[in-house]
Amino acid sequence: FNGSLWPLYLLMDLFMDPYGERVKSMFYHAYNNYLENAFPYDELRPLTCDGQDTWGRYCADLRFSVLTLWILGNVSEFQRVVNVLQEGVDFDIDVNASVFETNIRVVGGLLSAHLLSKRAGVEVEAGWPCSGPLLRMAEEVARKLLPAFWTPTGMPYGTVNLLHGVNPGETPVTCTAGVGTFIVEFATLSHLTGDPVFEDVARKALKALWKNRSEIGLVGNHIDVAAAKWVAQDAGIGAGVDSYFEYLVKGAILLQDEELMSMFLKYNKAIRNYTKFDDWYLWVQMYKGTVSMPVFQSLEAYWPGLQSLIGDIDHAMRTFLNYYTVWKQFGGLPEFYNIPQGYTVEKREGYPLRPELIESAMYLYRATRNPTLLELGRDAVESIEKISKVDCGFATIKDLRDHRLDNRMESFFLAETVKYLYLLFDPDNFIHNNGSNFDVVLTPYGECILGAGGYIFNTEAHPIDPAALHCCRKRKEEQWEVEDLMREFYSLKRSKKFTFKQTLDQRDGETRIPLLSCSSQPFNSKLAVLGQVFLDNT
Amino acid sequence: RHIGPSASPVDRAKDVTMPAKLPVNFFSSGSPVTDFFQGQLDYAERIRQDSEVTFYFFYAPWCGQSITVREEIEQVARRLSDQVLFVAINCWWNQGKCRKQKHFFYFPVIYLYHRRFGPIEYKGPMNAAYIEKFVRRVMTPLLYISSRSKLLEFLSDYEPGVLGYFEFNASPQPPGYLTFFTSALHSLKKDYLGTIHFGVITNQQIAKEIPLTHSGSIYLHRHVNTSLIYPREVMNYTAENICKWALENREAFIHWLRPHGGKSLLLNNELKKGPALLLFIPFNPLAESYPLLDEITKVALEYNRCNKNQATEPAVPHLKETDSSPLESRMPDVHTPLAETFSITKYPCCNTVVLPQWYSISRTHNVCELCVNQTVGVKQSKVNLPQCNFLEIEAALDSFYLKEHTFFQVVSNTIECSNFLSYYSPFSYYTACCRTINRGLMSFISSEKTFFQTPKAAFSSHAKKCKVDTHSIPHIEDRNCLIPGSHIGGTNITGLSCRTNKTLNLYLLDSNLSWIYAERLGASQAIHTKEFAAIVDLQDEAHYIMDQNQALIKSTLGKVFSGAPITGG
């Protein structure tokens, strides 16, 4: 680490250096144990030192962790794994698969590996990034998901059979996130392959959800995709809904799409009005707005990170600090935490080493350099090592009250938790590129800029290079636009606050703030570090 | 994100679980800290009975903060283990007694006991020096004032002091002494930084100096306001009440800010009170003396004296005039201090003027802050002028009068500012901000009148001062241009001028703990001394920093203060 980049803070210099290395060794402890004890099964069982299939022998851990490998700087192992992956998997199998999970893990993972493979030194074919074996695999898998979208509303079924399509008698009830978590992968796929069908179905599903929101602007967490009726009417930001909101924001940024952003901003307002209490977010009835469950869910901890993406650092930090107190109480986040009682909820006491709070810390640290966020990183490393490290890997904490362990190491631990933890401690990672360097590649459509930064993580922490979306279209104007942006960027030398707002069409001629620009931070934000928060200036 | 359980294979290994690992030593075996790593709270309680002062460190072995603080605790223990019992208890292990009896929301938790009194929870900064200081306070909650010089020393401290006088002729202890002793311990529960000092006098002669005559009387010393004697006839004489009384009536003209790191509105609440001068100094809680802090105290006292219109001395003035009554309110001494603190200018040259009494029937005054702003064509070297040219400000005033500004007609509570160009210099313009002040509220203005009766007299006195003062001016930079998103009301008003209705609140921050705030305000990392001063005005979204090359000493600080216009309240 470059010491001069860091604010001098009492304890930081004591623990900055070792922590990045400790995260690396955490990864290898888990990864090597997977290869030794579990490969080619999907998951490592850390207590019995063997493997199990949770995905139909897809070597899930190997696949999902491949990008972490690269972020940790292990290029040779990345290349080896990509080659293994390229040998191909037969997707013409009679298996029922979750449309949502298959998209975020398989399609997202393949797209990400495809886009990053050149940079990692993998030999790519002539048409890259508009063609390549991993892209073809992603497209093949995505096509197998398309039948799920053939519903009266355009909202997809939750499960599809990879060989036969949607099973007759399949339940039409699916969760909100299962409807609205496709745009990042599907739009990328459409832009790279030139086939608009993926982006179209993803957008149609998003619009159907938007149309079915309640009068007070909230959505429930399960819906009947055939009848467009809400089956579960609890509205919140966590389980069942989470990545829908996430993909509105990430889709808006990836596609520079104001419509998606304005949807999110309206939801954000309703969420703040009805579910936010004292910087916590509760669950409310979606039509009446009455509190139904005063509970904080571990999954909800992604929310501060998402807020940071729209520039709402202030609220993000305040909520983050609430969540952090729960971590300090247990050494992890229980699946459910009862806020008024200040304790775990029956049968929801586990912590399967989820990434969400660390993910938020990573985003917020990029935005604020607040040392408190590194402290969370420190606490996460210490907790995970002290509590869940066993001979054959890292075990899920079955119960945070007594730290009993379960015989699982979920694939998101290697794919997400370790990755975000490492990115939190590594300020110079290429992922944090702010556009100061980039690659130029020659595609069938001309020269194209890649790797300029601004990576969008899909909800499974697979980074997508947004610049690539402009490479494979025949429309020249779009390329010129990117080139203009880059030129503009260099003329505005050292201007960190560069946004894309200058080139957005100013059709109204009004002085309205562009939805996709980042608002400037309030004056007091410079002092909002180390736990200090400021109340809204009203 | 994960919306459902992944498919699980049907076999027995699925149900395999493992209990938490058995706890192990958290402190090394050679450590002066006794480590009950299995949470044996009952043993810990038992060994506490034999010790006068006990230090409990409740930790969770997985907790990053407990691990970080562990080294600090060992350091303190190595220095004090001959007088204090240091006990660490694993309060997480769910088979342990501690976990079963205590319910903590965070770790580590530090408790102190003085014999049976406790627990006193320590919530201060988690570093060895601060912790040691606090432990020492618990060991000796009362300072024994054995001589006149000790008394003077005690009273000159900038932090509030409470003194009790007890005659130790009676055996075993004078009545009320134990209550007083307990109140000193009690105060540490609320005041975990130990800002209120407690002292005890046993000698009648020394007690008379204050003066306290009756054994059992308790005295709260204050620098700016009148000191107080505990009203036994109104409040019950209990440890809680004495402590509460001291906390409520103590004076805080210097306020330490020590953000603890958890979610907090400390800065929000303090900075919303108005513009604040934040002074960052390295502070060692264990040091014998604090020369820099003494300087700051003097300046702060002077500043408060100006505002409150009271003569105050850091020490007790009537120790020299032995026959004066203790509770007599001190006579205001209006004339002397003003000359020093009022007419110091800074760049751009500014001066506060009270407009001549052309309408003396009025019960109000118009007070203006008049500034000369150098704008076009003036090189940066101008900034290095030690003082503003006296002629310049006189010309400005003339120019101001020539304009016959509307302020003379306006009686307004708001500040009105106007810029007007000098007729002889195309390179500078003047700014005048005026407001009306009720005479009754601001009594010091009446004294000011003698200085500013006519502008000539005012500025000549000022000019005289300029000659003596060869020190460079406080270089108060406006750094707002570097900070996106913030703005200053009108770029033409630079520095501290034209903020006439604002009093500065003074805050101290320990650079060793809070340097990050200094950096956020623009402190340079290149300079090695960790001293820094900044004025933060949350409402105006502006902040000003002092040149770090200037040492934080009395003369520069005085200027920073005077830079904050002291009119208005």
- Options A:A380, A:A395; residue that is surrounded by 24 or more Cβ atoms within 10 Å (Cβ to Cβ), more than 22 Å from B:P108 (Cα to Cα) and within 11 Å of another protein chain (Cβ to nearest Cβ): A:A395
- Message: Looking at segment A:45-62, I want the residues that are at the interface with chain B (Cβ under 10 Å from one of its Cβ atoms) and have a partner that is basic (K, R) with Cβ atoms under 6 Å, at least 6 apart or on another chain. Which pairs are those?
- Response: A:Q52/A:R45
- Note on the structure: Residue set A:A380, A:A395; condition modelled with pLDDT of 95 or more and under 26 Å from B:V69 (Cβ atoms); output residue A:A380
- Which residue out of A:L357, A:L450, A:L400, A:L374 is buried (at least 19 other Cβ atoms within 10 Å of the Cβ), more than 9 Å from chain B (Cβ to nearest Cβ), touching a residue at least 12 places away in the same chain (Cβ under 8 Å) and under 30 Å from A:H191 (Cα atoms)? A:L450
- Would you tally the residues in segment B:18-71 being among the aliphatic types (A, V, I, L, M), in contact (Cβ under 8 Å) with a residue 60 or more places away in the chain, part of a loop (DSSP other than H, G, I, E, B) and away from chain A (no Cβ under 14 Å)? 0
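Here's the yes/no breakdown for (1) modelled with pLDDT under 95; (2) farther than 23 Å from A:E460 by Cβ; (3) within 22 Å of the chain's Cα centre (by Cα):
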site	(1), (2), (3)
A:P152	no, yes, no
A:C175	no, no, yes
A:I183	no, no, yes
A:V197	no, no, no
- Whichever residue in segment B:138-151 is touching a helix residue (DSSP H, G or I) at 6+ places or on another chain (Cβ under 7 Å) and in a helix (DSSP H, G or I) and, among such residues, is nearest to B:F86 (Cα to Cα): B:V138
- Message: Can you report the number of residues in segment B:90-123 which are under 20 Å from B:E240 (Cβ atoms) and not hydroxyl-bearing (S, T, Y)?
- Response: 10
- Query: Any residue at all in segment B:233-243 that is part of a loop (DSSP other than H, G, I, E, B) and in contact with a Ser or Thr (Cβ under 8 Å, 6 or more places away or on another chain)?
  - Reply: yes
- Task: Identify the single condition in (1) more than 14 Å from chain B (Cβ to nearest Cβ); (2) modelled with pLDDT under 95; (3) surrounded by 24 or more Cβ atoms within 10 Å (Cβ to Cβ) that A:M362 does not satisfy, given that it satisfies every other one.
- Result: (2)
- Do we find that A:K229 is within 28 Å of A:A148 (Cβ to Cβ) and free of Cβ contacts under 8 Å to residues at least 24 places away in the same chain in this structure? yes
- Considering only residues that are out of contact with any strand residue (DSSP E or B) (no Cβ under 7 Å at 6 or more places or on another chain) and buried (at least 18 other Cβ atoms within 10 Å of the Cβ), look in segment B:134-159 and name the one that is farthest from B:L80 (Cα to Cα). B:Y158
- Task: Please tell me if A:A270 is surrounded by fewer than 22 Cβ atoms within 10 Å (Cβ to Cβ) and among the small types (G, A, S).
- Result: yes
- Item | Those residues of segment B:225-256 which are touching a helix residue (DSSP H, G or I) at 6+ places or on another chain (Cβ under 7 Å) and at pLDDT 90 or above, in sequence order | B:L228, B:Y230, B:M235, B:Y237, B:T238, B:A239, B:E240, B:I242, B:C243, B:A246, B:L247
- Residue check: is B:I535 within 11 Å of another protein chain (Cβ to nearest Cβ) and at pLDDT 65 or above? no
- Message: Given the criteria within 14 Å of chain B (Cβ to nearest Cβ), under 21 Å from A:E416 (Cα atoms), at pLDDT below 90 and not in a helix (DSSP H, G or I), does A:R119 qualify?
- Response: no
- Note on the structure: The condition from (1) within 21 Å of the chain's Cα centre (by Cα); (2) crowded, with 18+ Cβ neighbours inside 10 Å; (3) at pLDDT below 95 that B:E209 misses is numbered (1)
- Note on segment A:493-527: residues assigned to a loop (DSSP other than H, G, I, E, B), facing another protein chain (nearest Cβ under 8 Å) and modelled with pLDDT of 55 or more are A:S520, A:Q521, A:P522
- Item | Close pairs (7 angstrom Cβ cut-off, 6 or more residues apart or separate chains): over 15 Å from A:G451 (Cα atoms) in segment A:110-130, assigned to a loop (DSSP other than H, G, I, E, B) and polar (S, T, N, Q) anywhere | A:V124/A:S117; A:E125/A:S131
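The values are calculated or read from the model by the stated rules, or taken from the named source; none is laboratory data. A quick note: this is a predicted structure, and the numbers were derived from the prediction, not measured. Every residue, glycine as well, gets a Cβ built from its backbone with ideal geometry; the counts of neighbours run over all protein chains shown.
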